[in-house]
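Chemist: Got a structure for you, written out below as structure tokens; questions coming shortly.
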Amino acid sequence: MMIKLNLNGKSVSADVAEDSLLIDFLREHGCYSVKRGCETSNCGLCTVFLDGKPVLSCSLLTVRADGKTVHTLEGLQKEAEEFGAFIARQGAEQCGFCNPGMIMNAIAMFRENPDPTDEEILEYLAGNLCRCSGYEGQLRGIRAFLDYKKSKGETAICNM
Amino acid sequence: MLTIKKYVKAASLDEAYELNQKRTNRVIGGMLWLKMSSGTVQTAIDLSGLGLDTIEETDEEFSIGAMVPLRDLELHAGLNAYTHGAMRESLRHIVGVQFRNLATVGGSLYGRFGFSDVLTCFLGLDAVVELHHGGMVPIKEFAAQKPDRDILVRIHVKKTPLRCAYLSQRNTKTDFPVLACMVSEWDGTLRVSIGARPQKASLIELPKDLMPENASLEEIASYVQEHTVTGSNMRASAAYRSRLAYVLTKRACQQIGGMDK
Ligand SMILES: Cc1cc2nc3c(=O)[nH]c(=O)nc-3n(C[C@H](O)[C@H](O)[C@H](O)COP(=O)(O)OP(=O)(O)OC[C@H]3O[C@@H](n4cnc5c(N)ncnc54)[C@H](O)[C@@H]3O)c2cc1C
Ligand code: FES
Ligand code: FES
């Protein structure tokens with residue numbers, strides 16, 4: 001089936017199988033940040049933005065992205081790098097496998113709620129599982145990033 | 001793995017209904033539950049082109065399209081004001097934001113899942129399910145029916161003045177509930193919907209003399225516990241669930257009118 005979508009700012013047309021999942025389509029198009037963790041819709045590792053909203057690409061048919069805009073971490077490099085440095089500085093990751101999904105969903109949260117409380121952060125990121133850390137490092141990293149942005153008089157909203 | 005042979009974005013409800021009469025065809029909502037199954041779907045029937053992804057609010061009711069994602073329900077100011085936050089409370093523990101941006105209310109209710117927070121919540125509201133062929137069916141009746149090959153079009157929630165509160169218990173965050181409980185009161189009757197028993201949610205209408213105003217919370221909670229059939233599975237025993245039915249009913253009655261926040 002022919003589809004056309006906007007992927008990280010570029011128009012892409014492709015002939016895809018009816019049951020192709022978006023995660024596979026994205027990896028075939030060079031977006032290797034998008035990974036499979038659980039494939040049972042539980043871990044959040046495969047998070048991408050569909051028309052600006054975070055969704056699980058492991059659970060979405062590619063045909064459903066027809067006519068839509070998709071962003072992966074590859075398309076959000078600038079914001080991701082700045083924010084990712086705060087996560088790294090807190091030693092939040094061990095293996096780092098959960099990181100792309102966690103960063104994508106954190107960016108989604110900053111856009112929806114630029115000034116979240118700790119409780120709101122934990123609730124928003126509850127669908128991103130990390131099997132190494134106890135989430136404390138990630139929480140500290142997000143807090144530090146938000147505090148830094150505030151001290152510079154900037155908001156954490158990332159433009160797309 | 002789920003294999004899909006053909007994909008059709010239905011142009012009308014009639015077309016979707018026609019296609020759905022064939023046993024090997026399937027309607028796809030958010031596809032999160034369907035994806036967990038293996039087998040072959042001959043034609044996947046996508047309802048996403050039919051304008052069923054909106055929540056419309058009038059003075060009398062909310063009309064919720066079957067394709068509305070759970071996240072939109074969770075964030076809807078009008079629904080949350082009407083349900084005193086119970087709508088959000090019933091949804092916010094389901095997996096994660098990314099999941100709830102995909103899972104639909106239609107797929108959630110049509111499946112009549114035993115663990116469903118969504119069914120538990122809607123059972124506690126004055127809700128009617130609109131089926132393309134079957135017409136308007138009260139949610140209690142709909143919940144009792146076996147899934148057939150109709151299309152769930154919209155859910156209507158009448159704005160009957162009510163007090164309500166929703167609570168659930170989970171072994172760990174984002175897991176299925178071990179028990180879910182919605183307490184609501186309208187037209188002078190207290191109703192308690194208990195889900196994840198682990199069988200699908202059932203609604204208990206309490207006798208008129210059992211109201212928070214004229215009975216103790218313990219009396220109400222004991223009545224609900226006695227009238228709730230629970231079972232055991234890998235998450236919890238029947239006895240634990242029965243105890244939870246008592247505790248959650250009591251706490252929800254304490255909160256009635258809203259979440260305690
Ligand atoms: C890992 C996981 C964890 C979950 N945890 C919870 C939880 O804690 N609490 C909870 O309440 N729920 C939970 N759920 C269920 C979830 O919230 C949804 O209810 C479920 O995924 C179905 O919604 P869907 O939109 O994905 O439907 P689909 O998977 O697309 O469809 C489900 C069924 O409904 C049919 N269908 C869909 N839409 C219609 C329609 N409009 N008319 C007729 N038939 C239709 C489909 O053919 C299919 O048979 C969980 C699901 C998963 C996969
Ligand atoms: S791989 Fe998609 S949620 Fe885990
Ligand atoms: S750091 Fe290993 S899964 Fe999160």
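Read-outs throughout are calculated quantities, based only on the coordinates presented, and are distinct from any laboratory measurement. Everything numeric here is computed off the predicted structure, so don't read it as measured data. Positions of Cβ are generated from backbone atoms using ideal geometry, with glycine treated the same way; all protein chains shown enter the neighbour counts.
Chemist: With unit charges on the beta carbons (Lys and Arg positive, Asp and Glu negative) and the dipole taken about the Cα centre of the protein assembly as shown, which residue among B:A215, B:G135, A:M2 sits farthest to the positive side?
Modeler: A:M2
Chemist: For chain B, what does the helix formula give at 222 nm: sum of -39500 (n - 2.57) over DSSP H segments with n ≥ 4, over the residue count, nearest 500 deg cm²/dmol?
Modeler: On the way: 10 runs with 77 residues, N = 261.
The helix contribution divided over chain B gives -8000 deg cm²/dmol.
Chemist: Set Lys and Arg Cβ to +1 and Asp and Glu Cβ to -1, take the dipole of the protein assembly as shown about its Cα centre, and tell me which of A:G96, B:S242, A:G137 lies farthest positive.
Modeler: The residue sitting farthest along the positive end of the dipole is A:G96.
Chemist: Then there's this: Taking the Cα centre as origin and putting +1 on Lys and Arg beta-carbons and -1 on Asp and Glu beta-carbons, what dipole magnitude results for region A:5-160, to the nearest 20 debye?
Modeler: Numbers: 16 positive and 22 negative charges, 70 e Å.
Its charge dipole is roughly 340 debye.
Chemist: Calculate for chain A the 222 nm mean residue ellipticity that helices alone would give, adding -39,500 (n - 2.57) per DSSP H run of length 4 or more and normalising by residue count, nearest 500 deg cm²/dmol.
Modeler: Value at 222 nm, helices only, nearest 500: -11000 deg cm²/dmol.
Chemist: For B:169-180, what's the mean count of beta carbons from other chains sitting within 10 Å of each residue's beta carbon?
Modeler: Values: counts 0, 0, 0, 0, 4, 7, 1, 0, 0, 0, 0, 0.
Mean number of neighbouring Cβ atoms from other chains: 1.
Chemist: Of A:Y32, A:G44, A:S59, whose Cα points farthest to the positive end of the dipole of region A:21-68 (charges on the beta-carbon: +1 Lys, Arg; -1 Asp, Glu; origin at the Cα centre)?
Modeler: Working it through, the farthest residue towards the positive pole turns out to be A:G44.
Chemist: Give the distance, in whole Å, between the Cα centre of region A:117-155 and the Cα centre of region B:23-60.
Modeler: 34 Å
Chemist: Hey, another quick one. Of all trypsin sites (Lys or Arg not before Pro) in region B:1-95, which ones are in loop regions per DSSP and have a Cβ with at most 10 other Cβ atoms within 10 Å?
Modeler: Details: sites: B:K5, B:K6, B:K9, B:K22, B:R23, B:R26, B:K35, B:R71, B:R88, B:R92; in loops: B:K22, B:R23, B:R92.
Passing sites in region B:1-95 are B:R23.
Chemist: Using Cα pairs closer than 8 Å and at least 6 residues apart in sequence, work out the relative contact order for region B:1-133, in percent. Intermediate values should be presented prior to the final figure.
Modeler: Working: 200 pairs, mean separation 29.4, N = 133.
It comes to 22 percent, rounded to a whole number.
Chemist: If you count, for every residue in B:100-107, the Cβ atoms of partner chains within 10 Å of its Cβ, what is the mean?
Modeler: Average per residue, whole number: 3.
Chemist: Taking Cα centroids, how far is region B:121-148 from region A:8-32 in Å?
Modeler: The distance from the Cα centre of region B:121-148 to that of region A:8-32 comes to 38 Å.
Chemist: For a quick protection proxy, order the peptides B:177-183, A:35-41, B:124-130, A:107-113 by their average other-Cβ count within 10 Å, most packed first. Kindly include the intermediate steps, with their values, before the conclusion.
Modeler: Details: B:177-183: 27.9, A:35-41: 16.9, B:124-130: 23.3, A:107-113: 19.3.
Those peptides, ordered most packed to least, come out B:177-183, B:124-130, A:107-113, A:35-41.
Chemist: How crowded by other chains is A:34-46, given as the mean number of beta carbons from other chains within 10 Å of each beta carbon? Walk me through the numbers before you get to the answer.
Modeler: Details: counts 0, 0, 0, 0, 0, 3, 4, 12, 5, 4, 6, 0, 1.
Mean partner shielding for this stretch: 3.
Chemist: Now, a different point. Can you tell me the dipole magnitude for the protein assembly as shown around its Cα centre, using point charges on the Cβ only (Lys, Arg +1; Asp, Glu -1), in Debye to the nearest 20?
Modeler: Numbers: 48 positive and 51 negative charges, 234 e Å.
So the magnitude is around 1120 debye.
Chemist: Between region A:67-113 and region B:216-254, how far is it from one alpha carbon centroid to the other, in angstrom?
Modeler: Using only Cα atoms to place each centre, the spacing works out to 42 Å.
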